Amino acid sequence: MMQKRFGRAAAWALCLALPVVLTGCSKQAAVTAEAESAYTEAHRPQFHFTPPAMWMNDPNGLVYFEGEYHLFYQFYPDDTVWGPMHWGHAVSRDLVRWEHLPVALYPDEHGYIFSGSAVVDHDNTSGFGKDGEPPLVAIFTYHDPERGKAGTNDHETQGIAYSHDRGRTWTKYEGNPVLPNAAKHKDFRDPNVFWHEATQRWIMALSVFDHVQFWASPDLRDWAYLSSFGEGSGAHGGTWECPDLFPVQVEGSDEARWVLILNLNPGGPQGGSGTQYFVGDFDGRTFTLDNRFAATLDSEEAVWLDWGRDNYAGITWYGVPPSDGRRIFIGWMSNWDYAQQVPTSTWRSAMTVPRSLHLVDTDAGYRLHSAPVQELASLRGDSVDLPEREFKGTFEATGVTASQAEIELVFDLASTDAREIGVVLTNSSGEEYRLGFDVEQARFRSDRRKAGPGDFSDNFAARVHEAPRFAHTDTLRLQLLLDVASVEMFADDGATVMTEIYFPSTPFETLSLYALDGKARLVSGTAYRLERIWE
């Protein structure tokens, strides 16, 4: 049985090595003649990363090496629902256009290959280097399904693999697992590793049910426990997963703080999956909350990186050059509440666009703001200007392609007395998606209840999703990325972010602006048609 599954996976790897724009891969991983259908299926995003076919979830092993951004991801090559996990693989030189590569890591006698990270071992601390060249080292969770079913609670351990050819092929360490689960934690997974210069050792952040453990190693092989964080802090509606700890410079200062991103499911801001974060300090052993940030948690359940329904398991790239200076994030654009039921065929799931994270000192304390990476502007095609105007009701932004566009809008709230303002997408099927701002309540509202069939899940389109506005100015800035079946909203330069997916029966064709129960003043607006990334 195992032999057969791996044989099919190997065939899939061969298929992935072929140009994806010319060939597709069937469930049996055979090359098909349906070239014209590649990346044009209903609901397929055109400028977001998606797998060529089959199931995808968490981004893994994000690492920059020799001019390439590596994106590994949780992947099941035999079906469009979750199954025995592999690491899929793609690379990009600009974070926008991606080249698919063969499957990187396959299940073995230790279990499935769950989420993890990857590093460049510049000093060859691991001893895996060759001919003076540093190795890439992947750190991942082994999940033994049989021991898991038996309830042994030691079925998740950590393993490593290394590559000498820029991540194209991988060798698993013969001494795996490098971190056994001696304490028999039911959830013991998603290792995220980085080099800590001050203590000259590798640090691992590891999710353990409702908290994070920190471990240290001189060589990526032998690990020693350091400390724990999280019990009693933040949201605990579900299992903590996919941690990421890193330093960030505070905008406009020489000061730096440490940020700990922590995903959990369920318990997100809109139900199901979500991504929270913490700000503090890390001394090489212990993560300590910043006092002002800790005060925030006294009055709020959590501080969310994204307030939408569909951004989960996000982590950041390791090894981005200091000359670049960015901390770049990407997430899985779905939610475990319905990810396996969404109405796509041949493939399932997309990633968010890569985002640059910025730590800002606000009146409420330190906050992470997000912005699409600047490289995305290379996809901009024809543009449409929306001149300054006052309006009531609804007016169509003529010339704007509602299914594949970037929209920038600036509203003057001081001259607006409407109850709600925003944008509405419509199609010939009579469906609509609304993204609005409640002026009186200072809350953003994403309404996909009429955006297409939602009966594949009882809670996909059950209610409107809301998010607070954190800026306190009379100028409201919105940047929207619309891609066939998704919207990513960055409000007030990324102070509030919402990511939402929807599945219209036919593509949304028209974008209109609206003002309910009063007038609104649009200061300026620009809409760009975005080119597809799949040639």
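The values are calculated or read from the model by the stated rules, or taken from the named source; none is laboratory data. Bear in mind the structure is a predicted one, so any value in this text is a computation, not a measurement. Cβ atoms come from the backbone with ideal geometry, glycine included; neighbour counts cover every protein chain shown.
Just to be sure, is SER505 surrounded by fewer than 22 Cβ atoms within 10 Å (Cβ to Cβ), touching an Asp or Glu at 6+ places or on another chain (Cβ under 7 Å) and under 30 Å from TYR338 (Cβ atoms)? I'd like the intermediate steps shown before the answer.
On the way: surrounded by fewer than 22 Cβ atoms within 10 Å (Cβ to Cβ): yes; touching an Asp or Glu at 6+ places or on another chain (Cβ under 7 Å): yes; under 30 Å from TYR338 (Cβ atoms): yes.
Spelling it out, SER505 is indeed surrounded by fewer than 22 Cβ atoms within 10 Å (Cβ to Cβ), touching an Asp or Glu at 6+ places or on another chain (Cβ under 7 Å) and under 30 Å from TYR338 (Cβ atoms).
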For GLN249, only one of the following conditions fails: (1) buried (at least 22 other Cβ atoms within 10 Å of the Cβ); (2) within 17 Å of VAL360 (Cβ to Cβ). What is its number? (1)
Every residue in the range 78-136 that is of a type in the set (S, T, N, Q) and assigned to a loop (DSSP other than H, G, I, E, B), please. THR80, ASN124, THR125, SER126
Here the residues within the range 108-152 that are closer than 17 Å to GLY61 by Cβ, hydroxyl-bearing (Ser, Thr, Tyr) and without any contact (Cβ under 8 Å) to a residue 40 or more places away in the chain are TYR112, TYR142
Looking at (1) over 22 Å from HIS196 (Cβ atoms); (2) surrounded by 20 or more Cβ atoms within 10 Å (Cβ to Cβ); (3) of a type outside the set (Lys, Arg), can you tell me which one GLU66 breaks? (2)
Long-range neighbours under 6 Å by Cβ, at least six apart or interchain, first residue in the same structural domain as PHE188 (by TED's automatic domain parsing) within the range 153-175, second surrounded by fewer than 19 Cβ atoms within 10 Å (Cβ to Cβ) and among the small types (Gly, Ala, Ser): HIS155/GLY148
In the range 138-165, what residues are out of contact with any helix residue (DSSP H, G or I) (no Cβ under 8 Å at 6 or more places or on another chain) and outside any strand (DSSP E or B)? ASP144, PRO145, GLU146, ARG147, GLY148, LYS149, ALA150, GLY151, THR152, ASN153, HIS164, ASP165
Residue match in the range 470-483 (condition: in contact (Cβ under 8 Å) with a residue 40 or more places away in the chain, crowded, with 20+ Cβ neighbours inside 10 Å and over 24 Å from the mean Cα position of the chain (by Cα)): yes
Scanning for something over 30 Å from GLU500 (Cβ atoms), touching a residue at least 40 places away in the same chain (Cβ under 8 Å) and charged (D, E, K, R), does the range 67-83 turn up at least one residue? yes
Residue that is nearest to LEU413 (Cα to Cα), among those in the range 352-401 that are outside any strand (DSSP E or B), modelled with pLDDT of 95 or more and acidic (Asp, Glu): GLU388
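Just checking: which of the strands (runs of 3 or more DSSP E) contained wholly in the range 185-225 hold 1 or more residues that are in contact with a Gly (Cβ under 6 Å, 6 or more places away or on another chain) and within 18 Å of TYR173 (Cβ to Cβ)?
On the way: elements: 189-196, 201-208, 211-217.
Output list reads 189-196.
For the range 425-459, give me the residue count where each residue is part of a strand (DSSP E or B) and under 21 Å from THR473 (Cα atoms).
To start, the set of residues in the range 425-459 that are part of a strand (DSSP E or B) comprises 425-426, 432-438, 443-447.
Narrowing further to those that are under 21 Å from THR473 (Cα atoms): 435-438, 443-445.
The total comes to 7.
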If the requirement is being under 24 Å from the mean Cα position of the chain (by Cα), surrounded by fewer than 22 Cβ atoms within 10 Å (Cβ to Cβ) and aromatic (Phe, Trp, Tyr), which of these qualifies: PHE456, PHE395? PHE456
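Of the residues that make up the range 181-198, is at least one farther than 14 Å from GLY61 by Cα and in contact with a Pro (Cβ under 7 Å, 6 or more places away or on another chain)? Step through it out loud before you land on a result.
Taking the range 181-198 and keeping what is farther than 14 Å from GLY61 by Cα, we get 181-188, 195-198.
Next, only the ones that are in contact with a Pro (Cβ under 7 Å, 6 or more places away or on another chain) stay: none.
So far as the range 181-198 goes, no, none of its residues is farther than 14 Å from GLY61 by Cα and in contact with a Pro (Cβ under 7 Å, 6 or more places away or on another chain).
Identify, from the list PHE278, PHE287, the residue that is buried (at least 19 other Cβ atoms within 10 Å of the Cβ) and touching a helix residue (DSSP H, G or I) at 6+ places or on another chain (Cβ under 8 Å).
Details: PHE287 fails: touching a helix residue (DSSP H, G or I) at 6+ places or on another chain (Cβ under 8 Å).
Just a single option satisfies the conditions, and that option is PHE278.
For ASP281, are the conditions met, namely being at pLDDT 95 or above, in contact with a Gly (Cβ under 9 Å, 6 or more places away or on another chain) and among the acidic types (Asp, Glu)? Quick ask: steps written out before the conclusion?
Values: at pLDDT 95 or above: yes; in contact with a Gly (Cβ under 9 Å, 6 or more places away or on another chain): no; among the acidic types (Asp, Glu): yes.
No: the conditions fail for ASP281.
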Any idea how many residues of the range 236-249 are in a loop (DSSP other than H, G, I, E, B) and over 19 Å from the mean Cα position of the chain (by Cα)? 2
Go through the range 412-422 and count every residue that is under 16 Å from ASP517 (Cα atoms) and either of a type in the set (A, V, I, L, M) or under 32 Å from the mean Cα position of the chain (by Cα) (or both). 6
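Can you name the residue in the range 250-301 that is in a loop (DSSP other than H, G, I, E, B) and of a type in the set (Ser, Thr, Tyr) and, of all such residues, is nearest to TRP336 (Cα to Cα)?
Start the filter on the range 250-301 by keeping residues that are in a loop (DSSP other than H, G, I, E, B), which leaves 251-255, 266-273, 283-286, 290, 300-301.
Narrowing the set further to residues that are of a type in the set (Ser, Thr, Tyr) leaves 253, 273, 286.
On the way: SER253: 39, SER273: 6, THR286: 31 Å.
Once the filter is applied, the top-ranked residue is SER273.
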Does TYR338 meet the test of being crowded, with 19+ Cβ neighbours inside 10 Å and out of contact with any strand residue (DSSP E or B) (no Cβ under 7 Å at 6 or more places or on another chain)? yes
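Check ALA462, ALA467 and return the single one that is part of a loop (DSSP other than H, G, I, E, B) and either among the acidic types (Asp, Glu) or not assigned by TED's automatic domain parsing to the domain that holds GLY314 (or both).
Details: ALA467 fails: part of a loop (DSSP other than H, G, I, E, B).
Result of the check over ALA462, ALA467: ALA462.
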